[in-house]
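Single-structure report; data block below.
Just so it is clear, none of the values below were taken in a lab; they were calculated from the coordinates. Quick caveat: nothing in here was measured; it's all calculated off a predicted structure. Don't worry about glycine lacking a Cβ; one is built from the backbone with ideal geometry, like all the others, and counts go over all protein chains shown.
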Amino acid sequence: MFEKIKSIFVKKENKASKYVSCEYIQHGFNVDYEDIKMCCFNCHEGGGRQILIDNYKGENIDWNKFFKEKRKLRELNKKGIILERCKGCFFLKEREWDDEDYINFMVFNHWTQCNCKCKYCFTNEQSDFFNSRKNYNMFPQIEKLVKMGKVRGGGEIGFGGGEPALLPEFEPMVNMLLDAGCDNIRVHSSGVKYSPAIERGLAEGKLTLVVSVDSGTPEVYENIKRVNHFDKVWENLAKYAASQTNNKYKAKTKYIIYPNFNDTKEEFDKFLELSVNAGIRSMVLDVEGGWYEQNKYKVPDYIYDLLDYALKRAEDSSMKNVEVYDRANHMRINKEEYIKLRDNAK
Ligand code: SF4
Ligand code: SF4
């Protein structure tokens with residue numbers, strides 16, 4: 001069941017106690033639809049997502065064997081050998097790593113059902129397939145790991161999916177991880193279905209919730225999400241915001257600028273006002289990934305302006321924390337260079 005690591009390249013011989021590795025190699029995994037991978041990152045030269053257990057559908061995992069396999073990877077890193085798939089990854093860093101067997105970085109991505117149909121979602125092309133696809137249960141395996149005392153806090157647990165609140169094992173899983181001491185759980189949710197486990201995590205200041213509403217009016221919401229849950233989502237966001245621990249501001253709304261759908265200052269202003277009125281004090285800005293990949297060298301001026309405008313308006317509001325995701329930040333920082341390339345190509 002355990003995948004053979006096929007290709008490696010030798011970076012340098014490293015005999016020091018410090019060596020180049022990453023948190024996922026040392027103490028993490030990514031539970032995917034058909035396998036268990038080391039991580040979910042793939043935007044670098046090597047392509048990431050090294051498979052650890054191939055063709056996985058919820059079978060019993062021998063965690064002792066799993067740790068043994070991980071130790072082999074650690075030993076490679078100690079010798080200065082980096083996996084081919086990790087080549088160029090910005091998560092690689094040189095530091096001292098402990099030599100213990102435990103897990104504190106986990107990503108759950110093993111289901112695809114959702115109660116939205118976002119136009120920009122990877123499930124969009126085959127929404128019937130992704131919405132009917134059955135997921136396997138991971139809870140029993142994680143429970144075993146917890147009982148072995150091998151799950152710790154201090155890392156990051158992420159739920160992607162699909163909509164996490166629709167995953168039958170989501171509530172018991174989050175509660176178990178909180179009980180096990182996990183103190184940094186990140187959940188991307190559509191916000192349509194209310195989750196008591198998310199509420200608990202927010203109340204304890206150990207869970208970050210990100211809801212990408214992307215709109216300030218029902219019309220734009222329905223155009224992007226293709227469901228009519230606008231009011232329900234804001235109602236749930238207000239409940240989540242009310243439950244969060246003071247000064248932690250871990251319930252976040254997100255605005256993905258999606259050109260031709262929500263690319264006006266008026267729409268953003270309404271979104272910001274609704275966020276503030278719901279009690280949200282932390283938000284995220286991004287630019288839609290698929291659009292960006294196709295248009296990065298021809299981004300029109302008004303999109304750069306909207307990004308700057310949104311950031312300034314959010315910072316001037318009662319938001320305490322405004323996060324600009326990497327792609328959008330990269331766009332802002334390299335604006336002059338990209339505009340030059342764009343204008344020269346005309
Ligand atoms: S170095 Fe990057 S690609 Fe390799 S396991 Fe870590 S996060 Fe994944
Ligand atoms: S909420 Fe997320 S998973 Fe659901 S359709 Fe939208 S992007 Fe896809």
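Pairs of alpha-carbon atoms within less than 8 angstrom and 6+ residues apart define the contacts here; what relative contact order does the chain have, in percent?
Normalised by residue count, the contact order of the chain is 12 percent.
From the cross-link list K206/K239; K225/K254; K119/K206; K87/K150, which pairs have alpha carbons spaced over 22 Å apart?
Pairs exceeding the cut-off: K119/K206; K87/K150.
Let me make sure I get this right: for segment 9-96, a, b and c are the square roots of the gyration tensor eigenvalues over alpha carbons, sorted descending. Under 1.5 in a/c it's rounded, otherwise prolate if a/b > b/c, else oblate. Which is it? Mind showing how you got there, number by number?
Numbers: a/c = 2.41, a/b = 1.49, b/c = 1.62.
It is oblate, given that a/c is not under 1.5 and a/b is not larger than b/c.
How large is the helix-only mean residue ellipticity at 222 nm for the chain, computed as the sum of -39500 (n - 2.57) over DSSP H runs with n ≥ 4, divided by its residue count, in deg cm²/dmol to the nearest 500? Walk me through the intermediate numbers first.
Working: 13 runs with 130 residues, N = 346.
Value at 222 nm, helices only, nearest 500: -11000 deg cm²/dmol.
When the expected Rg is taken as 2.2 N^0.38 Å, what fraction or multiple of it is the alpha-carbon Rg of segment 159-308?
That works out to 1.08 for segment 159-308.
Run a plain Debye calculation on the chain (Cα atoms as equal point scatterers, no solvent) and give log10 I(q)/I(0) at q = 0.09 Å⁻¹, rounded to two decimals, same order as the q list.
One equal scatterer on each Cα of the chain leads to -0.55.
Quick one: of K72/K147; K144/K193; K65/K248, which pairs are farther than 30 Å apart, Cα to Cα?
Pairs exceeding the cut-off: K65/K248.
Any idea how far the Cα center of segment 20-62 sits from the one of segment 237-257, in Å?
30 Å
Measure nothing fancy, just the Cα-based angle from helix 301-316's long axis to the longest principal axis of the chain, in degrees from 0 to 90, nearest 10.
Approximately 80 degrees, to the nearest 10.
Using only Cα atoms, tell me the angle between helix 63-78 and the longest principal axis of the chain; keep it within 0 to 90° and round to the nearest 10.
Helix 63-78 sits roughly 90 degrees off the main axis of the chain.
So, in Å, what gap is there between the alpha-carbon centers of segment 80-137 and segment 175-230?
18 Å
I need the peptides 100-112, 253-265 ranked by packing, meaning the mean over residues of other C-beta atoms within 10 angstrom, with the highest value on top.
On the way: 100-112: 20.8, 253-265: 18.9.
Highest to lowest by the protection proxy: 100-112, 253-265.
In what sequence, highest mean first, do 80-89, 113-122 appear when ranked by Cβ atoms within 10 angstrom? Write out the running numbers ahead of the final one.
Numbers: 80-89: 19.5, 113-122: 17.1.
Those peptides, ordered most packed to least, come out 80-89, 113-122.
Under the definition of Cα pairs under 8 Å and six or more residues apart, what whole-number percent is the relative contact order of segment 9-96?
46 percent
For every other residue with a beta carbon closer than 10 angstrom to the beta carbon of E45, add +1 if it is Lys or Arg and -1 if Asp or Glu, then tell me the sum.
Net of charged neighbours comes to +1.
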